[in-house]
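What follows is a set of notes on a single structure, which appears directly below.
What follows draws every value from the coordinates through simple rules; no lab data is involved. It should be emphasised that the depicted structure is a prediction, and the values quoted were computed from it without experimental measurement. Here Cβ is always computed from backbone atoms with ideal geometry, including for glycine, and neighbour counts include all displayed protein chains.
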Amino acid sequence: MQAILFRKELRYALDIADEKEIGFLIPARLEECQIPPTVRKLQCIDLYAAGGYDKLKLALQQRAVSSGRFAGSVGGDLSERTS
């Protein structure tokens, strides 16, 4: 049952990303588990691992800077957003 719910949620997230042309989706693991084949092609983040949250924060800030939606330097505070 859990695998079925995961696949439904993943399909929904991918459909929304395509529909809104978000351009990226970052799967986050909260604990050690196998990554399903449909997600292996995506870059995943391990939030349970040491430094996992910091890696996610940095990736999001880099994306914001590259898209022009963040005025601060990479590694800065997310409150420095321009929009």
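When you count, for each residue, the other Cβ atoms within 10 Å and take the mean per peptide, how do 13-21, 54-62, 1-9 rank with the highest first?
Ranking the peptides 13-21, 54-62, 1-9 by packing returns 54-62, 13-21, 1-9.
Cross-link partners for LYS55 among the lysines, with Cα-Cα distance under 22 Å and sequence neighbours closer than 8 places in the same chain left out: LYS41.
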